[in-house]
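Q: The structure follows.
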Amino acid sequence: MRFLIVTGLSGAGKTSALKHLEDAGYQCMDNLPPLLLAQAFTLCEKVELDHPIALGVDSRSGALFNAEAILEAINASADSHEISILFLDADTETLISRYKETRRDHPLMKNGLTLEQAIARERELLQPLREHAHYVLPTGGMRTKELCAMIDELIAHGESQHTLRTEIMSFGYKRGIPRESDLVFDVRFLPNPFYIKEIRAYTGLEAPVRDYVLGQEETGTFLARLYALVDYLIPLYRKEGKRRLMIAIGCTGGAHRSVAISEALGAHLRAIGQSASVFHRDIALEEASWPFRRDRS
(Lines give C-alpha, C1' and ligand atoms only; values in the text may rest on other atoms or scores of the structure.)
Protein backbone atom coordinates (compact mmCIF):
# COMPACT_ATOMS: atom_id res chain seq x y z
CA MET A 1 0.00 0.00 0.00
CA ARG A 2 1.07 3.58 -0.59
CA PHE A 3 1.09 6.02 2.33
CA LEU A 4 1.98 9.71 2.42
CA ILE A 5 2.74 11.19 5.85
CA VAL A 6 1.84 14.89 5.75
CA THR A 7 3.59 16.89 8.44
CA GLY A 8 5.32 20.19 8.99
CA LEU A 9 4.98 23.51 10.74
CA SER A 10 1.63 24.82 11.92
CA GLY A 11 0.49 27.43 9.43
CA ALA A 12 2.58 26.03 6.57
CA GLY A 13 -0.42 24.66 4.66
CA LYS A 14 -1.02 21.09 5.89
CA THR A 15 -4.81 21.48 6.01
CA SER A 16 -4.90 22.79 2.43
CA ALA A 17 -2.57 19.99 1.35
CA LEU A 18 -4.77 17.28 2.88
CA LYS A 19 -7.94 18.76 1.37
CA HIS A 20 -6.28 18.75 -2.04
CA LEU A 21 -5.04 15.18 -1.61
CA GLU A 22 -8.55 14.09 -0.65
CA ASP A 23 -9.91 15.68 -3.83
CA ALA A 24 -7.17 13.84 -5.73
CA GLY A 25 -8.41 10.45 -4.48
CA TYR A 26 -6.44 9.92 -1.29
CA GLN A 27 -8.01 8.49 1.86
CA CYS A 28 -7.08 11.19 4.38
CA MET A 29 -6.82 11.12 8.17
CA ASP A 30 -5.70 14.28 9.96
CA ASN A 31 -4.18 14.96 13.39
CA LEU A 32 -3.32 11.32 14.01
CA PRO A 33 -1.49 10.76 17.33
CA PRO A 34 1.99 9.38 16.52
CA LEU A 35 1.55 6.38 18.81
CA LEU A 36 -1.40 5.26 16.68
CA LEU A 37 0.49 5.47 13.39
CA ALA A 38 1.54 1.81 13.35
CA GLN A 39 -2.04 0.79 14.09
CA ALA A 40 -3.24 2.98 11.22
CA PHE A 41 -0.92 1.12 8.84
CA THR A 42 -2.30 -2.21 10.05
CA LEU A 43 -5.93 -1.08 9.87
CA CYS A 44 -5.60 0.20 6.31
CA GLU A 45 -3.97 -3.07 5.31
CA LYS A 46 -6.80 -5.13 6.84
CA VAL A 47 -9.56 -3.27 5.02
CA GLU A 48 -7.55 -3.51 1.77
CA LEU A 49 -8.00 0.06 0.59
CA ASP A 50 -7.36 0.29 -3.15
CA HIS A 51 -6.19 3.92 -3.19
CA PRO A 52 -3.33 5.80 -1.53
CA ILE A 53 -3.61 7.07 2.04
CA ALA A 54 -2.50 10.44 3.42
CA LEU A 55 -1.98 10.72 7.19
CA GLY A 56 -1.64 14.11 8.87
CA VAL A 57 0.71 14.00 11.85
CA ASP A 58 1.99 17.10 13.63
CA SER A 59 2.46 18.96 16.90
CA ARG A 60 -1.27 19.40 17.50
CA SER A 61 -1.02 16.07 19.33
CA GLY A 62 0.54 18.02 22.18
CA ALA A 63 2.09 15.79 24.81
CA LEU A 64 1.35 12.77 22.61
CA PHE A 65 3.64 14.05 19.85
CA ASN A 66 6.88 12.12 19.39
CA ALA A 67 8.87 12.43 16.18
CA GLU A 68 10.99 9.39 16.95
CA ALA A 69 7.87 7.26 17.40
CA ILE A 70 6.71 8.33 13.94
CA LEU A 71 10.02 7.36 12.34
CA GLU A 72 10.06 4.02 14.19
CA ALA A 73 6.55 3.20 12.93
CA ILE A 74 7.53 4.11 9.38
CA ASN A 75 10.72 2.05 9.48
CA ALA A 76 8.87 -0.94 10.90
CA SER A 77 6.41 -0.92 7.98
CA ALA A 78 8.79 0.17 5.21
CA ASP A 79 9.30 -3.38 3.93
CA SER A 80 5.56 -3.95 3.53
CA HIS A 81 4.41 -0.58 2.22
CA GLU A 82 5.64 2.39 0.24
CA ILE A 83 5.74 5.22 2.79
CA SER A 84 6.83 8.77 2.00
CA ILE A 85 7.00 11.90 4.15
CA LEU A 86 5.86 15.29 2.86
CA PHE A 87 7.14 18.11 5.10
CA LEU A 88 5.60 21.56 4.67
CA ASP A 89 7.85 24.38 5.82
CA ALA A 90 7.72 28.18 5.89
CA ASP A 91 9.89 30.96 7.24
CA THR A 92 9.02 32.46 10.62
CA GLU A 93 7.97 35.82 9.11
CA THR A 94 5.41 34.10 6.89
CA LEU A 95 4.03 31.97 9.73
CA ILE A 96 3.61 34.97 12.03
CA SER A 97 1.80 36.86 9.27
CA ARG A 98 -0.55 33.93 8.63
CA TYR A 99 -1.40 33.57 12.31
CA LYS A 100 -2.15 37.29 12.55
CA GLU A 101 -4.54 36.95 9.59
CA THR A 102 -6.39 33.94 11.03
CA ARG A 103 -6.29 35.20 14.65
CA ARG A 104 -5.80 31.64 15.85
CA ASP A 105 -3.39 30.53 18.55
CA HIS A 106 -0.38 28.39 17.69
CA PRO A 107 -0.82 24.89 19.22
CA LEU A 108 2.37 25.33 21.27
CA MET A 109 1.55 28.79 22.68
CA LYS A 110 1.38 27.61 26.27
CA ASN A 111 3.16 28.46 29.48
CA GLY A 112 3.74 32.03 28.42
CA LEU A 113 5.46 31.29 25.09
CA THR A 114 5.21 34.01 22.46
CA LEU A 115 4.20 33.11 18.91
CA GLU A 116 7.79 33.38 17.70
CA GLN A 117 9.00 31.16 20.56
CA ALA A 118 6.27 28.61 19.82
CA ILE A 119 7.33 28.45 16.17
CA ALA A 120 10.96 27.96 17.18
CA ARG A 121 9.96 25.19 19.60
CA GLU A 122 7.92 23.45 16.92
CA ARG A 123 10.86 23.57 14.48
CA GLU A 124 12.95 21.80 17.09
CA LEU A 125 10.32 19.11 17.70
CA LEU A 126 9.81 18.45 13.99
CA GLN A 127 13.46 18.53 12.90
CA PRO A 128 13.87 14.70 12.90
CA LEU A 129 10.93 14.42 10.48
CA ARG A 130 12.30 17.16 8.29
CA GLU A 131 15.67 15.42 8.06
CA HIS A 132 14.03 12.16 6.94
CA ALA A 133 11.40 13.71 4.63
CA HIS A 134 11.25 12.58 1.03
CA TYR A 135 9.73 15.91 0.02
CA VAL A 136 10.33 19.25 1.75
CA LEU A 137 8.09 21.98 0.39
CA PRO A 138 8.72 25.59 1.52
CA THR A 139 5.36 27.36 1.22
CA GLY A 140 6.37 30.94 2.06
CA GLY A 141 4.85 33.25 -0.53
CA MET A 142 2.79 30.43 -2.09
CA ARG A 143 -0.91 30.79 -2.77
CA THR A 144 -3.15 27.77 -2.20
CA LYS A 145 -3.42 27.13 -5.93
CA GLU A 146 0.36 27.12 -6.28
CA LEU A 147 0.72 24.80 -3.27
CA CYS A 148 -1.71 22.30 -4.77
CA ALA A 149 0.07 22.38 -8.13
CA MET A 150 3.41 21.74 -6.45
CA ILE A 151 2.00 18.81 -4.47
CA ASP A 152 0.65 17.31 -7.70
CA GLU A 153 4.09 17.59 -9.25
CA LEU A 154 5.88 16.12 -6.23
CA ILE A 155 3.72 13.01 -5.99
CA ALA A 156 2.84 12.59 -9.67
CA HIS A 157 2.41 8.99 -10.79
CA GLY A 158 3.25 7.63 -7.32
CA GLU A 159 6.94 8.31 -7.81
CA SER A 160 9.09 5.85 -5.89
CA GLN A 161 10.88 7.21 -2.84
CA HIS A 162 14.02 5.43 -4.07
CA THR A 163 14.28 7.67 -7.14
CA LEU A 164 16.51 10.71 -6.89
CA ARG A 165 14.34 13.77 -7.23
CA THR A 166 15.87 17.13 -8.06
CA GLU A 167 14.18 20.22 -6.66
CA ILE A 168 15.24 23.68 -7.79
CA MET A 169 14.41 26.72 -5.67
CA SER A 170 14.91 30.35 -6.56
CA PHE A 171 15.40 32.72 -3.63
CA GLY A 172 16.51 36.21 -2.67
CA TYR A 173 19.62 36.71 -0.60
CA LYS A 174 17.89 39.54 1.27
CA ARG A 175 15.71 36.86 2.93
CA GLY A 176 18.48 34.36 3.60
CA ILE A 177 19.85 31.20 2.01
CA PRO A 178 17.45 28.21 2.16
CA ARG A 179 18.60 25.91 4.94
CA GLU A 180 17.52 22.77 3.09
CA SER A 181 19.69 23.42 0.01
CA ASP A 182 22.40 20.96 -1.03
CA LEU A 183 23.89 23.15 -3.76
CA VAL A 184 23.72 26.96 -3.83
CA PHE A 185 24.48 29.12 -6.87
CA ASP A 186 24.72 32.91 -6.67
CA VAL A 187 23.61 34.64 -9.89
CA ARG A 188 23.92 38.21 -8.66
CA PHE A 189 26.82 38.67 -11.10
CA LEU A 190 24.31 38.80 -13.98
CA PRO A 191 22.89 42.18 -15.12
CA ASN A 192 19.89 43.04 -12.95
CA PRO A 193 16.54 43.70 -14.72
CA PHE A 194 15.35 45.56 -11.62
CA TYR A 195 17.24 48.62 -12.80
CA ILE A 196 15.62 48.65 -16.25
CA LYS A 197 12.42 50.67 -15.90
CA GLU A 198 10.61 49.08 -18.83
CA ILE A 199 10.83 45.50 -17.51
CA ARG A 200 11.42 45.69 -13.75
CA ALA A 201 7.72 45.13 -12.94
CA TYR A 202 7.88 41.72 -14.60
CA THR A 203 9.34 38.54 -13.06
CA GLY A 204 11.63 35.86 -14.40
CA LEU A 205 8.54 33.82 -15.32
CA GLU A 206 7.57 36.39 -17.93
CA ALA A 207 9.09 36.98 -21.36
CA PRO A 208 10.49 40.53 -20.91
CA VAL A 209 12.69 39.55 -17.95
CA ARG A 210 13.31 35.95 -19.04
CA ASP A 211 14.49 37.00 -22.48
CA TYR A 212 16.67 39.75 -21.03
CA VAL A 213 18.38 37.46 -18.51
CA LEU A 214 18.86 34.51 -20.86
CA GLY A 215 19.97 36.78 -23.67
CA GLN A 216 23.10 37.97 -21.87
CA GLU A 217 26.39 36.55 -23.11
CA GLU A 218 27.57 35.73 -19.58
CA THR A 219 24.29 33.89 -18.92
CA GLY A 220 24.93 31.52 -21.81
CA THR A 221 28.44 30.76 -20.57
CA PHE A 222 27.24 30.26 -17.00
CA LEU A 223 24.35 27.95 -17.97
CA ALA A 224 26.62 25.74 -20.08
CA ARG A 225 28.92 25.22 -17.11
CA LEU A 226 26.03 24.85 -14.66
CA TYR A 227 24.39 22.17 -16.80
CA ALA A 228 27.69 20.28 -17.12
CA LEU A 229 28.30 20.36 -13.36
CA VAL A 230 24.78 19.27 -12.40
CA ASP A 231 24.75 16.55 -15.06
CA TYR A 232 28.00 15.24 -13.61
CA LEU A 233 26.83 15.34 -9.98
CA ILE A 234 23.37 13.79 -10.26
CA PRO A 235 24.55 10.24 -11.11
CA LEU A 236 27.03 10.42 -8.22
CA TYR A 237 24.32 11.48 -5.75
CA ARG A 238 22.07 8.71 -7.07
CA LYS A 239 24.87 6.17 -6.66
CA GLU A 240 25.23 7.18 -3.00
CA GLY A 241 21.52 6.54 -2.41
CA LYS A 242 20.44 10.16 -2.09
CA ARG A 243 16.68 10.53 -2.62
CA ARG A 244 16.35 14.32 -2.87
CA LEU A 245 18.71 16.95 -4.25
CA MET A 246 17.86 20.58 -3.54
CA ILE A 247 19.54 23.14 -5.80
CA ALA A 248 19.06 26.75 -4.67
CA ILE A 249 19.68 29.64 -7.04
CA GLY A 250 19.77 33.12 -5.57
CA CYS A 251 19.73 36.72 -6.69
CA THR A 252 19.12 39.85 -4.66
CA GLY A 253 15.34 39.79 -4.29
CA GLY A 254 14.37 36.42 -5.74
CA ALA A 255 12.04 37.54 -8.53
CA HIS A 256 14.13 38.20 -11.63
CA ARG A 257 17.48 36.52 -12.35
CA SER A 258 17.21 33.55 -10.00
CA VAL A 259 13.71 32.73 -11.28
CA ALA A 260 14.76 32.76 -14.94
CA ILE A 261 17.87 30.65 -14.27
CA SER A 262 15.93 28.16 -12.11
CA GLU A 263 13.34 27.65 -14.84
CA ALA A 264 16.08 27.16 -17.43
CA LEU A 265 17.85 24.55 -15.29
CA GLY A 266 14.60 22.71 -14.63
CA ALA A 267 13.80 22.60 -18.35
CA HIS A 268 17.29 21.27 -19.10
CA LEU A 269 17.02 18.46 -16.52
CA ARG A 270 13.58 17.39 -17.69
CA ALA A 271 14.81 17.38 -21.29
CA ILE A 272 17.48 14.79 -20.41
CA GLY A 273 14.98 12.62 -18.51
CA GLN A 274 15.77 13.69 -14.94
CA SER A 275 12.84 14.24 -12.57
CA ALA A 276 12.94 17.91 -11.59
CA SER A 277 10.55 20.42 -10.06
CA VAL A 278 11.00 24.18 -9.78
CA PHE A 279 9.49 26.53 -7.22
CA HIS A 280 10.15 30.11 -6.26
CA ARG A 281 10.42 30.91 -2.56
CA ASP A 282 10.41 34.69 -2.59
CA ILE A 283 8.76 35.79 -5.83
CA ALA A 284 5.40 36.72 -4.25
CA LEU A 285 7.03 38.48 -1.28
CA GLU A 286 9.32 40.44 -3.57
CA GLU A 287 6.51 41.54 -5.89
CA ALA A 288 4.48 42.71 -2.90
CA SER A 289 7.38 44.92 -1.77
CA TRP A 290 7.87 46.73 -5.09
CA PRO A 291 7.03 50.45 -4.81
CA PHE A 292 6.55 50.98 -8.54
CA ARG A 293 3.28 50.55 -10.42
CA ARG A 294 2.79 47.21 -12.19
CA ASP A 295 1.46 48.41 -15.53
CA ARG A 296 1.71 45.47 -17.94
CA SER A 297 -0.73 46.59 -20.61
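Q: Being within 23 Å of the chain's Cα centre (by Cα) and either over 22 Å from residue 174 (Cα atoms) or part of a helix (DSSP H, G or I) (or both) is true for just one of 225, 270. Which residue is that?
A: On the way: 225 fails: within 23 Å of the chain's Cα centre (by Cα).
Answer to the selection: 270.
Q: Checking residue 111 against (1) surrounded by fewer than 16 Cβ atoms within 10 Å (Cβ to Cβ); (2) in a helix (DSSP H, G or I); (3) at pLDDT below 85; (4) not acidic (Asp, Glu), which single condition isn't satisfied?
A: All conditions pass for residue 111, except number (2).
Q: Before we move on, is residue 226 in contact (Cβ under 8 Å) with a residue 12 or more places away in the chain, touching a Ser or Thr at 6+ places or on another chain (Cβ under 8 Å) and either farther than 17 Å from residue 287 by Cβ or charged (D, E, K, R) (or both)?
A: Values: in contact (Cβ under 8 Å) with a residue 12 or more places away in the chain: yes; touching a Ser or Thr at 6+ places or on another chain (Cβ under 8 Å): no; either farther than 17 Å from residue 287 by Cβ or charged (D, E, K, R) (or both): yes.
No; evaluated as a whole, the condition is false for this residue.
Q: Take the residues in the stretch 168-183 that are surrounded by fewer than 20 Cβ atoms within 10 Å (Cβ to Cβ) and among the hydroxyl-bearing types (Ser, Thr, Tyr), then tell me which one is farthest from residue 129 (Cα to Cα).
A: 173
Q: So residue 186 fits all but one of (1) out of contact with any strand residue (DSSP E or B) (no Cβ under 6 Å at 6 or more places or on another chain); (2) surrounded by fewer than 17 Cβ atoms within 10 Å (Cβ to Cβ); what number is the exception?
A: Exception for residue 186: condition (1).
Q: Okay, moving on. Checking the conditions here, which among 84, 80, 61 is hydroxyl-bearing (Ser, Thr, Tyr) and more than 26 Å from the chain's Cα centre (by Cα)?
A: Answer to the selection: 80.
Q: Would it be correct to say that residue 168 is modelled with pLDDT of 90 or more, under 11 Å from the mean Cα position of the chain (by Cα) and not basic (Lys, Arg)? Working first, answer last.
A: On the way: modelled with pLDDT of 90 or more: yes; under 11 Å from the mean Cα position of the chain (by Cα): yes; not basic (Lys, Arg): yes.
Answer is yes for this residue.
Q: Of the residues 143, 130, 123, only one is surrounded by fewer than 22 Cβ atoms within 10 Å (Cβ to Cβ) and at pLDDT below 85; which?
A: None of the other options fit; the residue is 143.
Q: Take the residues in the stretch 217-252 that are small (Gly, Ala, Ser) and modelled with pLDDT of 95 or more; name whichever of them is farthest from residue 277 (Cα to Cα).
A: If we take residues in the stretch 217-252 being small (Gly, Ala, Ser) and modelled with pLDDT of 95 or more, then 220 is farthest from residue 277 (Cα to Cα).
Q: Say whether the condition of being over 30 Å from residue 8 (Cβ atoms), touching a residue at least 40 places away in the same chain (Cβ under 8 Å) and in a helix (DSSP H, G or I) is met by at least one residue in the stretch 236-257.
A: No, the stretch 236-257 contains no residue that is over 30 Å from residue 8 (Cβ atoms), touching a residue at least 40 places away in the same chain (Cβ under 8 Å) and in a helix (DSSP H, G or I).
Q: If you take the residues in the stretch 184-207 that are assigned to a helix (DSSP H, G or I) and in contact with a Lys or Arg (Cβ under 9 Å, 6 or more places away or on another chain), which one is farthest from residue 291 (Cα to Cα)?
A: Only one residue tops the list, namely 193.
Q: Ok, one more. Say whether the condition of being of a type in the set (Val, Ile, Thr), more than 30 Å from residue 97 (Cα to Cα), in contact with a Phe, Trp or Tyr (Cβ under 7 Å, 6 or more places away or on another chain) and at pLDDT 90 or above is met by at least one residue in the stretch 32-54.
A: Looking for residues that are of a type in the set (Val, Ile, Thr), more than 30 Å from residue 97 (Cα to Cα), in contact with a Phe, Trp or Tyr (Cβ under 7 Å, 6 or more places away or on another chain) and at pLDDT 90 or above, one finds at least one in the stretch 32-54, hence yes.
Q: Another one. Please find, within the stretch 12-25, the residue that is surrounded by the most Cβ atoms within 10 Å (Cβ to Cβ) out of those that are farther than 20 Å from residue 126 by Cα and modelled with pLDDT of 90 or more.
A: 21
Q: Sticking with this one: Just to be sure I understand, how many residues within the stretch 1-48 are in a loop (DSSP other than H, G, I, E, B) and either free of Cβ contacts under 8 Å to residues at least 12 places away in the same chain or over 30 Å from residue 116 (Cα atoms) (or both)?
A: Total satisfying the criteria: 6.
The values are calculated or read from the model by the stated rules, or taken from the named source; none is laboratory data. Everything numeric here is computed off the predicted structure, so don't read it as measured data. FYI the Cβ positions are ideal-geometry reconstructions off the backbone, even for glycines, and counts take in every protein chain you see.
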